[in-house]
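To keep things clear, I will list the structure first and then write my remarks on it.
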Amino acid sequence: MGKQRLTTFALAVKNLRKRSFRTKSLIVVVAVFSFVMFCGGLLTQSLSLGKNYMSGRMGADIMIVPRGCALSLQNTLLRSESNTFYLNENLAEEISVMPGVEQASPQLYIGSLNAACCTVPVQLIGFDPETDFTIKSWMKNIDSSKLGFGEVVTGSRVNATLGGQVWFFGQPLKVVAKLNDTGMGFDSSVFMTLETAQYMIKASQEAAVHPAGNGKDHISALFVRLSGAEDAAEAAKLIISKYPQTDVVVLKEMMLHISTQLHNIKDLAYGIQGLLWIVSVLVLAVVFTVSANERKREFGLLLALGATRKKLEGLLIAEILIICILGAICGVIAASFIMYEFRMLIAVSLGLPYMQPSIGSAIILAAVSLLLSVFTGVISCLYSVIRIGRAETQIMIREYE
């Protein structure tokens with residue numbers, strides 16, 4: 001049997017296996033730290049991407065809804081909540097000719113409590129392809145103006161296949177396209193023409209326990225784009241004073257509120273990460289200091305047998321690197337599974353635009369978490385390395401005699 005060279009790495013592995021309980025405990029500490037770092041970074045990055053994506057593609061400056069339904073509209077757009085509410089359709093023509101209004105397009109919201117395609121309530125959204133300037137910006141695979149009666153476009157989270165059918169209120173609808181991720185409630189919505197939506201309201205009277213309306217021509221919201229010189233806040237005040245039965249959601253104010261919430265979440269995430277980093281450094285430093293003290297006789301014998309102090313320092317660093325790399329990998333894998341597997345639940349729970357970064361960005365973030373974990377481990381063992389490097393050989397051998 002050939003002789004096996006006992007390298008620093010091989011000796012470090014043997015030492016870690018010999019002290020398996022301590023090794024596993026330290027790996028768990030590093031894994032928790034890496035898990036929080038990766039989750040926090042991915043969460044804040046996803047929220048920032050979602051906010052920027054939504055802000056750049058909404059198109060409307062103000063959104064008009066029935067009195068008391070402003071929160072329902074925001075929950076539909078952000079939280080994927082299923083809502084049904086109606087606005088006087090005559091407002092569409094009246095507001096479209098108001099001074100400062102460049103475009104106005106109606107939308108009709110129908111809440112579906114159950115659907116075979118989804119595990120959560122689905123929002124049916126009817127829109128006018130001729131006047132729409134918001135929904136079509138999300139549609140890449142189909143020209144929205146060619147959407148026919150009985151045809152729908154589904155959000156990315158709706159379990160439906162192209163060319164297949166989805167059923168609502170006992171009526172089949174043909175899926176002609178799917179949206180890419182939007183980071184909004186649109187991901188759990190189904191889009192159709194106003195004509196199809198009106199038909200679905202009538203169908204609900206026969207098929208649903210709680211019908212979606214009385215079958216009259218309705219709209220739920222009016223999305224308005226203003227001319228460049230028009231102030232959205234002033235236009236909102238004018239519309240509310242003229243039509244007191246309405247509420248007006250100003251996009252800039254909604255985005256400002258979202259930015260404030262995002263800032264608070266970032267502060268909380270950074271605070272937790274910073275606190276956990278301090279705790280991890282302290283825990284690892286204490287454990288390695290105690291371990292180094294217990295192993296002084298071992299280190300003294302190695303020195304007496306010809307090992308250099310640099311060899312001992314390298315041995316300690318190799319052990320902490322192995323622990324940190326294994327812990328960081330476990331933490332990142334666990335975080336990736338949770339953040340990607342439960343991304344829909346996270347987005348709905350936060351109630352904020354949420355769009356996960358690309359695989360490339362996630363890999364970079366994972367690499368940063370790994371490097372930070374390794375750095376944390378190296379910082380933690382520096383004191384032990386310095387003490388071993390300065391201790392006298394005879395003292396280390398005789399200390400426990």
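Tabulated results
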read-out: Förster radius 60 Å - calculated FRET efficiency between Ile364 and Gln205 (Cβ-Cβ, nearest 0.05); value: 0.65
read-out: Rule-of-thumb Rg ratio for the range 15-73 [Cα; 2.2 N^0.38 Å; N residues]; value: 2.23
read-out: Top positive-direction residue, dipole computed over the range 62-229 with Cβ charges, set Ala221, Gln74, Ala92; value: Gln74
read-out: For Leu43, net neighbour charge (Lys/Arg +1, Asp/Glu -1) across residues whose Cβ lies under 11 Å away; value: +2
read-out: Cross-link pairs Lys18/Lys311; Lys174/Lys252; Lys140/Lys237 - those with Cα-Cα distance over 26 Å; value: Lys174/Lys252; Lys140/Lys237
read-out: Projected area averaged over orientations for the range 62-229, convex hull of C-alpha atoms, nm²; value: 9.5
read-out: 16 Å Cα-Cα reach of Lys266 towards lysines, excluding residues that sit fewer than 8 places from it in its own chain; value: Lys51
read-out: Evaluated at q = 0.13, 0.23, 0.24 Å⁻¹: base-10 log I(q)/I(0), Debye formula over Cα of the range 116-188; value: -0.34, -1.15, -1.25
read-out: Spatially proximal lysines relative to Lys24 (Cα-Cα < 16 Å; intrachain offsets below 8 disregarded); value: Lys14
read-out: Mean Cβ count within 10 Å, highest first, over the residues of peptides 277-288, 59-70; value: 59-70, 277-288
read-out: Test item: Cα-centred dipole of the range 62-229, Lys/Arg +1 and Asp/Glu -1 on Cβ, debye; value: 420
read-out: Nonlocal amide H pairs with Thr84, under 5 Å, H built at 1.01 Å; value: Gly111
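Throughout, read-outs are computed from the coordinates displayed, never taken from laboratory work. In this text the structure is predicted, and so the values were computed from the model without any measurement. Every residue, glycine among them, receives a Cβ derived from its backbone with ideal geometry; neighbour counts consider all protein chains shown.
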